[in-house]
Amino acid sequence: MTLDPHSPGVRAATDWDYAPAPESAAIGRVRDRYQMFVGGSFVDGGGDDLETLNPATAQPLSTVSTASVADVDVAVGHARKAFEGSWSRLSGAERGKYLFRIARSIAERARELAVVETLDNGKPIKESRDVDIPTAAAHFFYHAGWADKLQHAGFGPSPQPLGVVGQVIPWNFPLLMAAWKIAPALAAGNTVVIKPAETTPLSILVLAEILADADLPPGVVNILPGAGDIGKALVQHPGIDKVAFTGSTQVGKQIQRALAGTGRRLTLELGGKAANIVFDDAPIDQAVEGIVNGIFFNQGHVCCAGSRLLVQESVADEVVAKLQERISTLRLGDPMDKNTDIGAINSAEQLSRVTALAATGEDEGAVRWTSPCPVPDRGFFFPPTVFTNVSQSMRIAREEIFGPVLSVLTFRTPDEAVAKANNTPYGLSAGVWTEKGSRILGVASALRAGVVWANTFNRFDPTAAFGGYKESGFGREGGRSGLAAYLNTDDEGI
């Protein structure tokens, strides 16, 4: 409280603010140098050392030994030996025990992993702590439970593993994407060679420590840090029986062309340009929170982000006004501060892309509104931005920006909303906000999207299948459908 100088004796309104609440970086125990994990051992790779940066400071965080193309061949050899040796012959119950151990260790080291993820990725610590790490553990717990029940899952009387799986994951959810892919592969009896993103290799290398501590047989999981050339060598390796890729649509198309005619299985989870549809009977305040979560969670680095907001004309002004007011309260800054809502863009390259695409919105005639929040003077940051007066032909409405940028369009009727929502080459996710259950079901069934949320957004569960249509890829991850992707099954039983 302070005294109001204009009215002696009267106290002015309190200026409430959040005191800094930094998490300790020391808890992450980030080492000066990390090695790749092959054949059950940490070894130096044949590639050049990689310097990974802290996106919030643009300063070096650690050094990582990367793989060479020759290392890919070695890793696949270890995976094949492990598959043909003990792993595929273990009972499901025994495989499940390993997965349970891994899940428990992730939970036990959750605070450490959250710090490592935030330092390496740039996302707010509260997101790493409350979403990424718990969900990663949940995937291992969930698939551990399936390991001894595969013959009862509707896949036929004796589903069999595929063999050696090559996996390539992106930088937006490094540990979660690793769990998302490794857990079902192991539960099904496969072995894995996985390449993390070049800019975010640290959390999966901490996971490698957990795998080693769990006494996972050598070669069951092999981790190869490196750039795109290593990913390319991995997915094209003749010793791989299945490829699972999460990343850009452009790279996904290249992988599909490379594997065409080889007989190898392929799952692609690619880009998105999700529509978040708000009808005039929606609970507006709740919808505003869902819109904020849909686009600004993880700085918009989410393939299923609600980057296109479709609002019914009669409530558009109200929704946009409340949305801007709410966005103005979001705190942009140090990702290690527990009060931070929006952290750092993952890399200078991604910041440049977000900046350039946002500039095209203004150039093409959209009206830009940017949060008045202060922006740190170092690191890779981009303030929350909303575009109104957006038409469907604009690049900001068509292309995946993968940043904290929202495009607002309007509609009059449900049919128009569905037409505009489906007017995209992508088909990964969508959201519907209305009080009418019949409208939710009707619109959801008409949307060409793999996941449709009703009166919420960005909710994930390992028991639910996730995946898209069109240029968002094919195949599903999570749930029974995700398990089927790693098994030779009786198709009529799926």
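The values are calculated or read from the model by the stated rules, or taken from the named source; none is laboratory data. Everything quoted here is computed from the prediction, not taken from an experiment. Glycine also receives a Cβ, built like all others from the backbone with ideal geometry; neighbour counts cover every protein chain displayed. With ligands, DNA and RNA removed, areas are computed over all heavy atoms of the protein, side chains included. Shrake-Rupley method; radii C 1.70, N 1.55, O 1.52, S 1.80 Å.
When VAL278, VAL292, VAL251 are screened for being among the β-branched types (Val, Ile, Thr), in contact with a Phe, Trp or Tyr (Cβ under 6 Å, 6 or more places away or on another chain) and either more than 30 Å from GLU84 (Cβ to Cβ) or free of Cβ contacts under 8 Å to residues at least 24 places away in the same chain (or both), only VAL278 passes.
Conditions (1) open to solvent by 60 Å² or more (accessible area, probe 1.4 Å); (2) free of Cβ contacts under 8 Å to residues at least 24 places away in the same chain; (3) not hydroxyl-bearing (Ser, Thr, Tyr), marked per residue:
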site	(1), (2), (3)
VAL38	no, no, yes
SER41	no, no, no
GLY45	no, no, yes
ASP49	yes, yes, yes
THR52	no, no, no
PRO55	no, no, yes
SER65	no, no, no
HIS78	yes, no, yes
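Among the residues of segment 445-488, those identified as polar (S, T, N, Q) and open to solvent by less than 40 Å² (accessible area, probe 1.4 Å) are THR456, ASN458, SER472. Looking at PHE279, PHE245, just one residue is more than 21 Å from GLU399 (Cα to Cα) and not hydroxyl-bearing (Ser, Thr, Tyr), and that residue is PHE279.
Kindly check whether there is at least one residue in segment 219-231 that is open to solvent by 20 Å² or more (accessible area, probe 1.4 Å) and under 14 Å from GLY77 (Cα atoms). No, every residue in segment 219-231 fails to be open to solvent by 20 Å² or more (accessible area, probe 1.4 Å) and under 14 Å from GLY77 (Cα atoms). Within segment 261-277, the set of residues being at pLDDT below 95 and hydrophobic (A, V, I, L, M, F, W, C) is empty.
Determine which member of the set ASP241, ASP213 is farther than 22 Å from TRP146 by Cβ, open to solvent by 10 Å² or more (accessible area, probe 1.4 Å) and in contact (Cβ under 8 Å) with a residue 12 or more places away in the chain. The conditions single out ASP213.
Being farther than 25 Å from ASN298 by Cβ, part of a loop (DSSP other than H, G, I, E, B) and modelled with pLDDT of 95 or more is a property that holds for GLY46.
Among the residues of segment 178-210, the one identified as part of a loop (DSSP other than H, G, I, E, B), buried (at least 23 other Cβ atoms within 10 Å of the Cβ) and hydroxyl-bearing (Ser, Thr, Tyr) is THR200. The single residue among GLN254, GLN286, GLN250 that is touching a strand residue (DSSP E or B) at 6+ places or on another chain (Cβ under 9 Å), part of a helix (DSSP H, G or I) and surrounded by fewer than 23 Cβ atoms within 10 Å (Cβ to Cβ) turns out to be GLN286. The set of residues in segment 22-43 being farther than 15 Å from SER62 by Cα, in contact with a strand residue (DSSP E or B) (Cβ under 9 Å, 6 or more places away or on another chain) and modelled with pLDDT of 95 or more consists of GLU23, PHE37, VAL38, GLY39, GLY40, PHE42, VAL43.
Just to be sure before I move on: is LEU309 on the phi < 0 side of the Ramachandran plot, touching a residue at least 12 places away in the same chain (Cβ under 8 Å) and surrounded by fewer than 22 Cβ atoms within 10 Å (Cβ to Cβ) in the structure I sent? Spelling it out, it is not the case that LEU309 is on the phi < 0 side of the Ramachandran plot, touching a residue at least 12 places away in the same chain (Cβ under 8 Å) and surrounded by fewer than 22 Cβ atoms within 10 Å (Cβ to Cβ). Within segment 419-444, being of a type in the set (A, V, I, L, M), part of a helix (DSSP H, G or I) and either more than 19 Å from VAL390 (Cβ to Cβ) or open to solvent by 20 Å² or more (accessible area, probe 1.4 Å) (or both) holds for ALA419, ILE440, LEU441, VAL443, ALA444.
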